Structure formats: C-alpha cells, structure tokens
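Here is the structure we will look at.
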Amino acid sequence: MIHLLCVLLAIGAFAALALSMKRHQRDLTGRALGQRETGLARAIGWTLVALILAIDTAAFGFGYALVAWAGQLTMGAWLNVAWLCWKTAPSRKR
C-alpha cells in the first residue's frame with residue numbers, strides 16, 4: 001500500500017510541477033497562471049517529492065527507499081506525460 005500511496009503522490013507532484021510551467025498552464029487551464037499561483041504549484045510539487053522520500057525512508061530504510069523513490073517518481077512522471085500527451089493531442093482539441 002505504501003507504493004500505491006507514493007505513486008499517487010508522485011502523480012500529484014508532477015501534475016503540480018507541470019502546472020508551474022507556462023506551456024502546460026495553457027494546455028491544462030487555457031490561460032497562464034499568475035506568478036503567485038505558479039510559485040505555489042512549484043512549491044507543492046517539490047514538497048510532495050520530498051514527502052515521498054520521507055515516507056519511503058520511514059517505511060523501508062534509506063537504502064531501499066532510494067530505489068523505491070526513483071521507481072515511484074518514474075511511474076508518476078510517466079503517467080503525467082501520457083496524460084498530457086492525451087490531453088493535448090490534435091484530435092482532442094476543439
């Protein structure tokens with residue numbers, strides 16, 4: 001269950017980090033976010049990345065935690081990239 005929780009948090013982390021980039025802001029919200037919103041999204045994203053490492057370290061110990069953390073971040077990033085590709089595909093635009 002720890003792995004599932006961490007992958008879900010990684011999905012949220014990379015979604016927040018994507019929202020901190022202007023290109024993805026336009027793709028996902030249709031407008032550019034303000035500087036305060038962009039900074040908040042970036043802070044939330046990096047906080048979640050650090051939280052995932054803390055959860056893994058508490059659950060598995062530092063050695064295995066780094067391996068699990070890398071895998072969970074990879075899954076979260078890959079799922080966000082797939083979602084962004086699907087969301088911004090030319091056939092999906094109106």
*asked:* Skipping prolines and chain starts, which residues have an amide H placed within reach, meaning under 5 Å, of the one on Thr88, given they are 5 or more residues away or on another chain?
replied: none
*With a 1.4 Å probe and every protein chain kept in, tell me what percent of the accessible surface of the chain is carbon plus sulfur.*
70
*Might you tell me the accessible area per residue for the chain, computed with a 1.4 Å probe and given in Å²?*
65
*Would you please put 42-52, 7-17 in order of how densely packed they are, using the mean number of other Cβ atoms within 10 angstrom per residue and starting with the highest?*
7-17, 42-52
*asked:* Tell me the label only: which of (i) 45, 39, 20; (ii) 47, 31, 16; (iii) 40, 25, 24 is Cα extents along the principal axes in Å as calculated from this structure?
replied: (ii)
*Net lengthening on full extension, Met1/Glu37 (0.36 nm per residue, minus Cα-Cα)*: 9.8 nm
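The values are calculated or read from the model by the stated rules, or taken from the named source; none is laboratory data. Small disclaimer: the values here were computed from a predicted structure and weren't measured. Don't worry about glycine lacking a Cβ; one is built from the backbone with ideal geometry, like all the others, and counts go over all protein chains shown. Each accessible area value is taken on the protein alone, full model and side chains, heavy atoms only, with ligands, DNA and RNA left out. Shrake-Rupley method; radii C 1.70, N 1.55, O 1.52, S 1.80 Å.
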